[in-house]
Amino acid sequence: MSARDTVDQARIRVPVRGNRRLGQFVDAVNADEQLKAWWYVAGLNANRLGMSDHSWVHIQIVTNIALRVARLLFRRGVRPGMVADHGMDERDAEVVIAAGALFHDTGMSIHRSDHEAYSLFLTADKLGVLLSGIYDEPERTVVVAEAMHAVISHRTRGAPFTIEGAIVRVADALDMAKGRSRIPFEAGQQNIHALSNYAIDEVRISAGADKAVRVEVAMNNSAGIYQVDEGLGTKLRGTPLEEHFEVIARIEGEHERRLLEVFRL
C-alpha cells in the first residue's frame with residue numbers, strides 16, 4: 001500500500017459526546033495530511049524494527065482508551081489539571097488528553113530512540129495550528145503545553161504530574177492485546193515481550209466498585225503476566241492514577257495455550 005493510500009485511509013473516530021471543541025479538534029486532525037503522514041512513517045519504522053503496531057490504528061485505540069478512562073475518572077469526581085489548575089472544564093481536559101494521545105508517537109517517524117522527545121517538537125509545530133479557531137490565547141497555549149506534558153509523560157521515566165498526562169501514559173500501556181503483537185510474534189521473535197503480548201486476548205475497561213476504573217485482562221497463557229506487570233504496572237505505579245485503578249488478570253479457560261514448543265538462548 002502506498003503512502004497516499006495509507007494516509008487517505010487513516011481516520012480517527014472517537015465518541016465526542018457533545019464536546020464541541022473535541023469534535024472540532026478531531027475534524028482538524030482528520031483533515032491534516034502531514035500529521036497522518038507522520039503516523040504512516042511511524043508505523044513503517046515500527047515494521048522495519050519488528051515492533052508492535054505504531055500506526056494510526058494504535059493511535060486510534062489509545063485515544064479511545066484514554067477518553068474512556070478519563071470519563072470514568074471524572075464520573076467519580078477526579079479533577080483533571082485543566083479544572084483544578086486553570087479554571088477550565090472537563091471538556092477541555094478531554095481535548096488535552098486526545099491531543100496527547102494523537103501526538104504521543106509521532107516522533108517514531110524520526111527514530112525509535114528518544115522518539116518521545118522528537119514527538120515534542122513535532123507537537124509544538126503542529127498542535128497550535130490545529131487548535132486555531134477552537135481556542136483563543138492564552139487558553140490555546142495552555143492546552144498545547146498540557147498536551148505536550150502528556151506526550152513526554154509516556155516515556156519510560158515520564159513521571160506525569162497531571163491527571164491528563166497519567167491518562168495518556170496508562171492508555172498507551174493498555175493497548176496490549178495480542179492483535180498488536182502479531183507482527184513480532186509471527187515473525188518468529190521468541191522473547192518475553194512478544195510472548196507476553198501474544199498471551200493477552202482482551203483488555204476490558206469498566207467502572208470499578210471501589211475504585212474509579214477496573215481493568216480486566218484476559219490471558220491465554222501466564223506469560224501475559226509480564227506484560228501486565230512490567231508494561232501496564234510500570235506505567236501506572238507512581239502516577240496520580242494509581243489509587244484510582246484496580247487491575248485483574250486471569251487465564252480464561254481450563255488450559256493454557258502453548259505458545260512455544262521449546263525456548264533456546
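Quick notes on this one:
- Using a probe of 1.4 Å, the accessible surface attributed to Y198 totals some 30 Å² when neighbouring protein chains are kept in position.
- The P(r) of the chain has a tail past 31 Å containing 24 percent of all C-alpha pairs.
- For the stretch 78-139, accessible area per residue (1.4 Å probe, heavy atoms of protein chains only), Å²: 40
- Extension gain for H255-E33 works out to 75.2 nm (0.36 nm per residue, less the C-alpha to C-alpha distance).
- Of all aspartates and glutamates in the structure, the ones whose alpha carbon falls short of 14 Å from that of K211, not counting any fewer than 8 places away in one chain, are E242, E243, E246.
- Heavy-atom accessible surface of the chain: percent carbon and sulfur, 1.4 Å: 48
- Of the peptides 205-217, 95-107, 139-151, the ranking by mean beta-carbon count within 10 Å, highest at the top, reads 95-107, 139-151, 205-217.
- Sites V129 and R17 - FRET efficiency at Förster radius 22 Å, r taken between beta-carbons, to 0.05: 0.30
- Shown are V57, V7, V83, whose ranking by accessible area with a 1.4 Å probe and every protein chain present, most to least, is V57, V83, V7.
- Volume in Å³ per residue [convex hull over Cα atoms, computed for the stretch 26-106]: 95
- The order of the peptides 9-18, 220-229 by mean Cβ neighbours within 10 Å, most packed first, is 220-229, 9-18.
The values are calculated or read from the model by the stated rules, or taken from the named source; none is laboratory data. Being a predicted model, the structure only gives us computed values, none of them experimental. Please note: Cβ atoms are built from the backbone with ideal geometry, for glycine as well, and neighbour counts cover all protein chains shown. Only protein heavy atoms, including side chains, enter the accessible area calculation; ligands, DNA and RNA are left aside. Shrake-Rupley method; radii C 1.70, N 1.55, O 1.52, S 1.80 Å.
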